[in-house]
Amino acid sequence: MTIISNASLKPFNTFGIDVKAQSYCDISSIENLSTVLRNNDKSPLFILGGGSNMLLTKDIEALVLHINLKGIEVISETDNSVIVKAMAGENWHNFVLWCLEHNFGGIENLSLIPGNIGTAPIQNIGAYGVELKDVFVSCEALKIDDQSVKTFSKSDCNFGYRESIFKQDLKGQYIITSVNLKLTKSKHKLHTDYGVIKNELNANGITEPTIQDISNAVIAIRQSKLPDPKEIGNSGSFFKNPIISAKAFIELERDFPDVPSYKISDEAIKVPAGWLIEKAGFKGKRFSDYGVHNKQALVLVNYGNASGKEIFELAQLIQKTVKRLFNITIETEVNII
């Protein structure tokens, strides 16, 4: 276990922002994690997972703990379902592929989401009609203060839209070390309601899709819209889709009849943030070495050597413009550090 001083975090965040960590430690076992926490002299800590849901705007004056715990195992199963335990440092998409290889269904719609297993519950990741909470059973986490281990059930986590107790009441108090998910072995419940998925399946002549077919469709859709972080620095969707009241939507639709929407309830309507940003004129707009992706307005990008501060200022400009034009507040999905 080695602690490196003044370490660059550029390789460890998908935006490719070159900031320095005061000190950095790669964590490959729970024992190592406990030891570091136990011996810490009250120095500030920064917990790093896959680095895919953050924008670093400054150097990190803390000990960065990079959680690289590995391992996937089946811990119980019946004829129709299975509970799989995955360690926090496993790459999410690689885990999805592992499940597909074993014909375990439930997360195929979440294919190609960047990041690691350990951060998935924090964000309650979701896409194309499926959220992590739909298959979540529990997670284990280490309490930073005393290194005690706690198991959090689904109800404990207070999941919401891209929300959980780990982003709210327990923020900064626990480090998730593993996650248990309940997946199907047969009679898979397929989620093909989103039009883009239907269109992709139809384009390939698939009328009775398998979970692999849905995963392939989602991968194709995401690759057509989202840049590969290895080629262009980004963190996927930068903003949450706002949910507005039915009354507010009626007023919005009156001024913009072509506005797309998804009905959450009789009183709540979800409006695509990407549409709002595109309508505001930001899609494809480039400022020096950063900008808004030309295929997906939800994605802010680093073309090479942009600073996190520059990208954050662009995000603020987009938020102010959308508020002025549509009277809608769009929140960041990415954590600003």
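The table below gives the values:
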quantity: Spherically averaged projected area in nm², based on the convex hull that wraps the Cα atoms of region 249-294; calculated: 3.8 nm²
quantity: Region 52-103 versus region 192-251: alpha-carbon centroid distance in Å; calculated: 22 Å
quantity: Average accessible surface area per residue within region 16-146, 1.4 Å rolling probe, Å²; calculated: 39 Å²
quantity: Computed [θ] at 222 nm, helices only, for the chain once each DSSP H run of length n ≥ 4 contributes -39500 (n - 2.57); calculated: -7500 deg cm²/dmol
quantity: For region 222-337, alpha-carbon Rg relative to the globular expectation (2.2 N^0.38 Å, N residues); calculated: 1.09
quantity: Rg/Rh for the chain, where both radii come from Cα atoms and Rh is the Kirkwood radius; calculated: 0.97
quantity: Computed over region 164-304, Cα set: Rg, Dmax in Å; calculated: 18.7, 51
quantity: Most fluctuating residue given options D18, D59, D41, as computed from a GNM of the chain linking Cα atoms under 10 Å; calculated: D41
quantity: Distance histogram for region 2-153 (every C-alpha pair counted, 5 angstrom bins, percent rounded to whole numbers); calculated: 2, 8, 17, 20, 19, 15, 10, 6, 2, 1, 0
quantity: Share, in percent, of DSSP beta bridges within the chain that are antiparallel, nearest 5; calculated: 80 percent
quantity: The chain, relative contact order [Cα under 8 Å, separation at least 6], %; calculated: 17 percent
quantity: Selection of trypsin sites (Lys or Arg not before Pro), region 197-248, meeting DSSP coil and at most 10 other Cβ within 10 Å; calculated: K230
quantity: Spatial separation of Cα centroids for region 297-318 and region 11-39, in angstrom; calculated: 25 Å
quantity: Region 291-333: GluC sites (Glu not before Pro) in DSSP loop, at most 15 other beta carbons within 10 Å; calculated: E331
quantity: Listed residue pairs exceeding 29 Å between alpha carbons, taken from K240/K295; K70/K285; K225/K320; K167/K187; K85/K225; calculated: K70/K285; K167/K187; K85/K225
quantity: Straight-distance crosslink candidates among aspartates and glutamates, where the alpha carbon sits under 19 Å from K10 and sequence neighbours closer than 8 are dropped; calculated: D18, D26, D59, E61, D228, E231, D289, E310
quantity: Gyration tensor verdict on region 96-179 (Cα atoms; rounded if a/c is under 1.5, prolate if a/b is larger than b/c, oblate otherwise); calculated: prolate
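The values are calculated or read from the model by the stated rules, or taken from the named source; none is laboratory data. Bear in mind the structure is a predicted one, so any value in this text is a computation, not a measurement. Because the Cβ atoms are built from the backbone with ideal geometry, glycine has one as well, and the counts that use them run over all protein chains shown. To get the accessible areas, we keep the full protein, side chains included, count just its heavy atoms, and leave off ligands, DNA and RNA. Shrake-Rupley method; radii C 1.70, N 1.55, O 1.52, S 1.80 Å.
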